[in-house]
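The values are calculated or read from the model by the stated rules, or taken from the named source; none is laboratory data. No experiment lies behind these values; they were computed from the predicted model shown. A quick note on method: Cβ atoms are made from the backbone with ideal geometry, for glycine too, and the neighbour counts reach across all protein chains shown.
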2 protein chains.
Amino acid sequence: MPIPERRTSAKAKTTAKDVFSTDSQNNWQKAGKFVLSSKLWEHSTPSQTCDVILTFPKDTEDYVVMWLLSRLRARVPEIDVHVRQMAHTPVYAFYLSASYEVYQNWAEELGFRKKLIGGGMVEFKVDEKEQFENHDDPTTFFTSGDKQTIVLEMINTLRAVDGDELGKIKFCEGMQIVPKLLSEGVIDKLFPLHNEDDLVKLRKTWVKAFFKPQPIDDICKYFGVKIAMYFAWLGMYTKWLIAPAFLGIVTFILSMRSEVTRDWCMLACNIFNIVWATLFLEAWKRRSAELAYKWGTLDMPSEALKDPRPLFRGEFKRSEITGSLEPHYPSIKRNIFRYCVSLPAILVSLGVVVVSMLFCFEFQRWVDKMENPPKPLKFAPKVLLAVCIGQLDDNYKKLAYFLNDKENYRLQENYENHLIIKLVSFQFFNAFLSLFYIAFYVRDFPRLKNTLAALLITKQVVGNVKEALVPFVKQKVKEWKQKKKMEKEKKELAKNQPADKKTGDKPKELDTPLMNQAEIESNMPEYEDTFEDYLEMFIQFGYVVLFSSAFPLAALCALLNNVIEIRSDAFKLCTNLRRPFGEKVENIGTWQDAMEVMGVVAVMVNLALLGTGGSIQRMFPNMTTAETILLIVFLEHLVIGIKVAVAYAIPDIPEWVETEIAKVEFKRREALKGKPAPAAPQTPPASPTQEGPTEAQANTEL
Amino acid sequence: MPIPERRTSAKAKTTAKDVFSTDSQNNWQKAGKFVLSSKLWEHSTPSQTCDVILTFPKDTEDYVVMWLLSRLRARVPEIDVHVRQMAHTPVYAFYLSASYEVYQNWAEELGFRKKLIGGGMVEFKVDEKEQFENHDDPTTFFTSGDKQTIVLEMINTLRAVDGDELGKIKFCEGMQIVPKLLSEGVIDKLFPLHNEDDLVKLRKTWVKAFFKPQPIDDICKYFGVKIAMYFAWLGMYTKWLIAPAFLGIVTFILSMRSEVTRDWCMLACNIFNIVWATLFLEAWKRRSAELAYKWGTLDMPSEALKDPRPLFRGEFKRSEITGSLEPHYPSIKRNIFRYCVSLPAILVSLGVVVVSMLFCFEFQRWVDKMENPPKPLKFAPKVLLAVCIGQLDDNYKKLAYFLNDKENYRLQENYENHLIIKLVSFQFFNAFLSLFYIAFYVRDFPRLKNTLAALLITKQVVGNVKEALVPFVKQKVKEWKQKKKMEKEKKELAKNQPADKKTGDKPKELDTPLMNQAEIESNMPEYEDTFEDYLEMFIQFGYVVLFSSAFPLAALCALLNNVIEIRSDAFKLCTNLRRPFGEKVENIGTWQDAMEVMGVVAVMVNLALLGTGGSIQRMFPNMTTAETILLIVFLEHLVIGIKVAVAYAIPDIPEWVETEIAKVEFKRREALKGKPAPAAPQTPPASPTQEGPTEAQANTEL
């Protein structure tokens, strides 16, 4: 297994930023020349079908690369590993891939669900592959995302045996090597490659098709279920926003007439909002179940059967369930930490946040009341608030990550969900406390309206345009610059051509875009997570359902924003960022819960607004304060009761999905019994006769 | 297949009541003589191991019996059917049973879960029976309950084919014959037989073991999961009552000191109650999951795979899922009926109930305020209320059954759950409206206390003693009478002995208790359902959690009552009633939801009691009414929030159950792959090697 020796090139000091910025195209041009200087390339087969890239940091010693390579080849022999050095940076990379047969076997091992020819999603079985759609087409049966996930899973099965050590890093038996090396910085990056063809298609049907439905299935194939689920959710939410946007416009026009009309409009808006939010959340649950079924992630196997996330710590023991070595961490320890440390720490921190913010608001109010305050004092509260929030946000984030790491969740999913709860709690106060303060303490309705409008229009729409437009313009400028440069270099190359002639065809072959693509992509920024995207939408959802009775155009603003948001998020993924590994999720997880909590808070806030805004008082002028409060509380309870009843009454999984699942389950049972499905159940189950290609038979026909 | 001819005996006119009452023992004595008069008995083999009895009404024509018998023997040949005529009533009965092999096959067909030798519950497979505990002991492997369920399921597979008709009854193809005949009255009863040995054991370890834990597993084996689940719930609830009962006594003693102490005690009681109710409901969910796992009903297969309940109506079509003929009823029709007819009808009826009751209360109050009301007027409101409630209850029940039947649920489970919701709504108002009226409208705290005490002590404890003691005394009297009679008859028999001598041993053999047992049991009253038992407990739970701050001894009363309740319900089942078929349930169904709603209502009621009872006012004398209300509402929201958070945080299924399920799932997967469980996942999944007795192999080794 030859490894190319590490060369220090003239360009060794190129930083990631340099490479990523305008001269990546430039590098691409120079790559050919570079490679030629080493004969070592001839020892490793060039791989056109590379799925995943693993890179080492600059200045990694050869023996480190060798160490990992030998272990990979010995313990996971099914992975095709090709070692390359990047063209312009002295960086080693493993190009990882596998054969169609290997992918099939692993798809079975990992419980990938694929579509049967007759319809229905079941776990793929190699022995029954004839029953699956497209099984005879290696190029389409597994999507590029599938393959990348499989390679990642294969890499993660590379576990340490007793005695493995690399420099100062000692491995316990059974520890996953690659994640450990990644977290220690011995491996720099592990990422899947983009597929230019698919990307071109996605850019056309998704990024640029502004008013068309999103190609959700293609997104899922390319970016995985988790990201596709986000866009499906965002798309559905945007569509649902049309109704409240329309009603908002009507209300806005009507409410200009008189105060009485305004009050009734506000009441109507309130009721509509609450009902809308409830129905939307329920409808999404059903849609989400449909998508998860279609994408093969509905009703995933027991959590205990899933592999622990790589950073999960614990005593290595044989698992009771699978018999393999696995870290174990008693949940009692986790729970003690959660309820005795995390929970109080989070509550105290949130308390500090709320008090600090309220202090800033009060300070502002005190300044506002002054006649002719000195200029520095005029801006002091705003500056203080900004600094305060910034500092608190930083510290809180650190705390949240620290606590969540300490809680040491076994599964990535649980880790993320608990992190989301922690982070969202802070962001909730950050986003809404000022509005609550204005609405319920200051009770300044015009100001509430203005603040909301400012938040929705300035922060969201402008922020979004910035997010989408700026990179777009940058990209265009870059392309224009590169064109100019390329023209210039072509001329230069034409001059130098004779000098390189002796190497024959070789340069062309090695000068494949593949290698350069890997280098370019390894320097692209990473797609963090869906977290930021969901958070932005969650807060917007909050503005719409909590306060839209105060500012009826909120839904319209949100709608306009989201039409852009979808495409700008799509643009970001398809253009600027390294490709993420596809992740399997069953639903949008904690975000659903968070939005349901928001839905309940919305009932309270909306009804409280009715009370504090004076609407009830104007409608029923003879009521005492106590009676008004009782009326509002009664209404609140009634509405929440109805909300809960509606959520209870609507089944979370649509009937057709249930039927499909039952069909597959029935087939499975019949196959296990080793007899054909009876026409009617009176067939005695006494002696199973064997007909038809059942699972049992197929298994033994090997 | 000889059928004994119908004889009209001198005792033909004996009514069910006659037989059931004191002379059943008497009949038992005479049975031998009776049977001897017909030579036909010799044609049918006597069956000692009969599981299920099917009886026809008196005066059924022979051809009806023949019709059913021939169909049973032709279409479900695995059932052993023996035809008998009852000794003292001209009633035909089928004695149904099957062989151990047939039971095994059907247990597999029905997906019975049995315990593996290594532990873990999995679906029984005939081909792998060696892996199950006790598989070689036909007498213990299936409990009598298991066998009876299997026989019932076998009978239910007797379906009509085209052209089947019996008198005026026409069958559609695929219709279940026996349930149809039962509902038409052509078959009188279908019931499983008691097992005297088990019953004697249960009476000893359960009915009479007053202060010992209930033998829950034995109950489950004998009466099935549904009934065992009720008693497990009742047992746990009773144990949990000890804490509030103790606190209640302390509060009761302390609150006699001063009003201030009373207020604080009340507050403490309130908080404790709410926390207690939440924790109890969560703890039960976990316990219920454990029991369901142990009894093999946790996570039952998809609803769509279960057979429809016999009375489910619909167009007969081939099922999309199983391919067999089944009635179909579109859920859209059901939903339209539910929301456009049922829901408004129920709401209006409940409205009528509430208004009528309030009218009676107001009338009562008006009478109470009068000085020296005329005697008839004094009792008029009470009589009116009693008549009113009685009438409304009757009508409401009829309406609820009518609507629920019309809603035409496919599964028994859903049918029952929806019926429970309807019936409980009425009972909630029936039980609690008067208390609400006194607490929040009249605001007469001493009266609330007295009413509660009366309800708990009189209605529950006395009612219960009556329920338990009266039948017990009756039973004793009956036994004493029978003893005397038997002695008398023995003497008579001794005199007549020479006349019967010529028949040899025959009388002894035929005079088996089995036959007589069937006759006796067929005349016992049926065990209706767990509904009444749950309802009683549900209302008691309501008294404890809603109002115990007003009457701290409520929990103590409930505790005392339940200690008796458990044994009196047990007594009822083990002595007086026909044995019910065992039913499989996963949990206590709608009752859990109903009690959770009660938990939330409890928060509101308890906090409202704090407000209306004047406690808050005494604690914070400077508060305005509006502020008091706001404080209470704030507390209410806080408490409900905490309650929801606690319920969300506690996992519904205990970790060990999850692990057990995962273990079985892992084994299943490995077996399907046809290879042994790998020591560590790095084993390549390339070529499945076959070792060990896997499912796939076992199936083809037939």
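Every test in (1) modelled with pLDDT under 90; (2) part of a helix (DSSP H, G or I); (3) farther than 18 Å from B:Tyr237 by Cβ is passed by B:Met623 save one, and that test is (2).
Selection of the stretch A:375-388 for residues being surrounded by 13 or more Cβ atoms within 10 Å (Cβ to Cβ) and of a type in the set (A, V, I, L, M, F, W, C) yields A:Ala380, A:Leu384, A:Leu385, A:Cys388.
Report, ordered by the first and then the second residue, all pairs with beta carbons closer than 6 Å, sequence separation of six or more or different chains, a first member in the stretch A:103-117 that is within 14 Å of chain B (Cβ to nearest Cβ) and over 15 Å from A:Gly582 (Cβ atoms), and a second member that is charged (D, E, K, R) and not in a strand (DSSP E or B). The qualifying pairs are A:Glu108/A:Lys125.
Pull up the stretch A:118-134, narrow it to residues that are away from chain B (no Cβ under 14 Å) and acidic (Asp, Glu), then point me to the one that is farthest from A:Met300 (Cα to Cα). Explain how you work it out, then say what you get.
Narrowing the stretch A:118-134 to residues away from chain B (no Cβ under 14 Å): A:121, A:130-134.
Filter once more, keeping what is acidic (Asp, Glu): A:130, A:133.
Numbers: A:Glu130: 24, A:Glu133: 21 Å.
Result: A:Glu130.
Hey, any hits in the stretch A:439-454 for a residue that's surrounded by 14 or more Cβ atoms within 10 Å (Cβ to Cβ), closer than 27 Å to A:Cys574 by Cα and modelled with pLDDT of 75 or more? The answer is no; no qualifying residue exists.
If you filter the stretch A:264-309 down to residues that are of a type in the set (A, V, I, L, M) and outside any helix (DSSP H, G or I), you find that the one that is farthest from A:Gly599 (Cα to Cα) is A:Met300. Residues that are of a type in the set (S, T, N, Q), surrounded by 13 or more Cβ atoms within 10 Å (Cβ to Cβ), touching a Leu at 6+ places or on another chain (Cβ under 9 Å) and assigned to a helix (DSSP H, G or I) are absent from the stretch A:317-337 altogether.
State whether the residues of the stretch B:673-687 include one that is assigned to a helix (DSSP H, G or I), out of contact with any strand residue (DSSP E or B) (no Cβ under 6 Å at 6 or more places or on another chain) and modelled with pLDDT under 75. Yes, some residue in the stretch B:673-687 is assigned to a helix (DSSP H, G or I), out of contact with any strand residue (DSSP E or B) (no Cβ under 6 Å at 6 or more places or on another chain) and modelled with pLDDT under 75.
Here A:Phe379 meets the list (1) part of a helix (DSSP H, G or I); (2) touching a residue at least 12 places away in the same chain (Cβ under 8 Å); (3) among the aromatic types (Phe, Trp, Tyr) almost entirely, failing just condition (2). Tell me yes or no: at least one residue of the stretch B:590-598 is more than 14 Å from the chain's Cα centre (by Cα), more than 14 Å from chain A (Cβ to nearest Cβ) and within 16 Å of B:Arg203 (Cα to Cα). No; the residues of the stretch B:590-598 include none that is more than 14 Å from the chain's Cα centre (by Cα), more than 14 Å from chain A (Cβ to nearest Cβ) and within 16 Å of B:Arg203 (Cα to Cα).
Here's a check for you: in the stretch B:389-433, which residue that is surrounded by fewer than 20 Cβ atoms within 10 Å (Cβ to Cβ) and hydroxyl-bearing (Ser, Thr, Tyr) is nearest to B:Ala453 (Cα to Cα)? Here the answer is B:Ser425.
Could you look through the stretch B:158-178, keep only residues that are more than 13 Å from chain A (Cβ to nearest Cβ) and without any contact (Cβ under 8 Å) to a residue 24 or more places away in the chain, and pick out the one that is surrounded by the fewest Cβ atoms within 10 Å (Cβ to Cβ)? Of everything passing the filter in the stretch B:158-178, B:Lys168 is surrounded by the fewest Cβ atoms within 10 Å (Cβ to Cβ). Note on the stretch A:290-309: residues that are buried (at least 19 other Cβ atoms within 10 Å of the Cβ), out of contact with any strand residue (DSSP E or B) (no Cβ under 9 Å at 6 or more places or on another chain) and within 14 Å of another protein chain (Cβ to nearest Cβ) amount to 1. Taken over the stretch A:65-85, residues that are within 14 Å of chain B (Cβ to nearest Cβ) and among the small types (Gly, Ala, Ser) amount to 1.
Of all residues in the stretch A:274-331, those being among the aliphatic types (A, V, I, L, M) and within 22 Å of the chain's Cα centre (by Cα) number 8.
To keep it simple, each residue is scored yes or no on (1) among the hydroxyl-bearing types (Ser, Thr, Tyr); (2) at pLDDT below 85.
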{"residue": "A:Thr261", "(1), (2)": "yes, yes"}
{"residue": "A:Ser288", "(1), (2)": "yes, no"}
{"residue": "A:Phe312", "(1), (2)": "no, no"}
{"residue": "A:Arg338", "(1), (2)": "no, no"}
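On the stretch given as the stretch B:135-157, residues that are farther than 18 Å from B:Lys306 by Cβ and within 11 Å of chain A (Cβ to nearest Cβ) total 0. Out of B:Leu403, B:Leu384, one residue alone is assigned by the TED database to the domain that holds B:Val355, farther than 27 Å from B:Ala608 by Cβ, of a type outside the set (S, T, N, Q) and under 28 Å from the mean Cα position of the chain (by Cα). It is B:Leu403.
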